[in-house]
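Notes for the one structure printed next.
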Amino acid sequence: MNDETNKEFAALNLDREIKAPSHLKQRWHDSIDLAARQEVREQQQAARSFSVGSFFWGAAITAALAIGIAIGVFVTDKPELAEPDSYVVQDRSAAFDRVMQVHLRDTRNDIANLPIETAADRTTLVLQIIQQNRLFEQAAEHNDADNLARVLRAFEPILLQLAASDIAPEDAETLRDQLAFQLKVMLTKLERSTSKETTTT
Amino acid sequence: MVAVLNRQGPPTQAEFHEVISTRSDRWYSACLKITRNRDLAEDAVQDALLSAWNKRHQFDRSARLDTWIHRIAVNAALQLLRKSKPGVFEALDHDVEGPSPTPEQLRADEELGHNLARALHKLSEIERVCFVLKHLEQWRLKEIAAEIGSNTGTVKQAIFRAVKKLRVRMAALQREAL
């Protein structure tokens, strides 16, 4: 602000600097790391030949996600759960929960089979998981499953640490176990809520 | 410190991290004052960072990385504001006050602080944006006019009205202080 204006409006604190919340700063840091890793991955992918297996895997997940979103958008008769649960929101469809279960189960399997020793492969796979996780996080938000979206969002910092190329194998193993455990807990809660719903309907 | 080293080539990941740590409050402040909306301000900084990262090969080392990102963030904030409120920069022939604040604006006001928020609240969108760009961001009238798709006469008028309203607010503050 120029001196004259600054002096005239000093009491209004027009040039006051507002602190950005720390979680935002963390997100901005993460977004640069992620963009940098994506660049590396794209370069690696360009060097590799087309993989039929990964194409079908991606297509299957995308199709499942599309069905999940469509169900969330079009199904209006949303059954209510008998008892609230920390991960479960009452006004969403059981079909969406099932699609989410498939995603969590696949993610758990991928995490369990994650190569710990070879950093490049691990980074590539974890970045794929992060991308899928983000899509499902958006789908959860679409389906008013805010708690579920929040839990999926909470996975991302751990996944980003796991994707780091300079992480020690023992640390990667600890993170992998931690993620596998959290995924299992979440999956169990979702399965429990879906089965309760099936019994009550 | 990374920034003081005389580096060659595009800015590195470490340099981006350093400016995020040291300068992102300034970017966020500027975007919040322009948009009066925390989500838009957050998105503007995020968009600016990714855009700067993707275009880092175009960065001129004679400039400062943080001011380069700052400018991109302000542009992003203006773009997001225009997208969220089409016609927001249309000029008015008469003097109007800003509309009643939305819940999101009230939340943003909490961060802006009492005096600043109340001062900005009295301005219309075009007055606020023109005043912030001219007096806080040091943009030239011509640049502001080009950015909001108007002419310098309209920009001058918007700034004139903004200053007038801020003076009224100042007088009220002085009365409150007595």
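The values are calculated or read from the model by the stated rules, or taken from the named source; none is laboratory data. Being a predicted model, the structure only gives us computed values, none of them experimental. For neighbour counting, all protein chains shown are included, and Cβ atoms are generated from backbone atoms with ideal geometry for every residue, glycine included.
Structure values in brief
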| quantity | calculated |
| --- | --- |
| Restricting segment B:130-144 to residues that are crowded, with 18+ Cβ neighbours inside 10 Å and of a type in the set (A, V, I, L, M, F, W, C), the residue that is nearest to the other protein chains (Cβ to nearest Cβ) | B:Leu136 |
| Number of the condition not met by B:Gln79 [criteria: (1) more than 12 Å from chain A (Cβ to nearest Cβ); (2) buried (at least 17 other Cβ atoms within 10 Å of the Cβ)] | (2) |
| Residue list for segment B:23-41, filter: crowded, with 20+ Cβ neighbours inside 10 Å and more than 18 Å from A:Asp15 (Cα to Cα) | B:Leu40 |
| Number of positions in segment A:10-29 that are under 17 Å from B:Ala30 (Cα atoms) and either at the interface with another protein chain (Cβ under 7 Å from one of its Cβ atoms) or basic (Lys, Arg) (or both) | 12 |
| Residue within segment A:100-107 that is of a type outside the set (Lys, Arg), crowded, with 16+ Cβ neighbours inside 10 Å and modelled with pLDDT under 80 present | no |
| Given (1) more than 12 Å from every other protein chain (Cβ to nearest Cβ); (2) farther than 15 Å from A:Lys19 by Cα, index of the condition B:Asn37 fails | (2) |
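Listed here are the residues, each with its yes/no results for (1) in contact with a helix residue (DSSP H, G or I) (Cβ under 7 Å, 6 or more places away or on another chain); (2) within 19 Å of B:Ser24 (Cα to Cα); (3) in a helix (DSSP H, G or I); (4) at pLDDT 90 or above.
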{"position": "B:Ile72", "(1), (2), (3), (4)": "yes, yes, yes, yes"}
{"position": "B:Leu80", "(1), (2), (3), (4)": "yes, yes, yes, yes"}
{"position": "B:Pro86", "(1), (2), (3), (4)": "no, no, no, no"}
{"position": "B:Ala91", "(1), (2), (3), (4)": "yes, no, no, no"}
{"position": "B:Gln105", "(1), (2), (3), (4)": "no, no, yes, no"}
{"position": "B:Leu120", "(1), (2), (3), (4)": "yes, no, yes, no"}
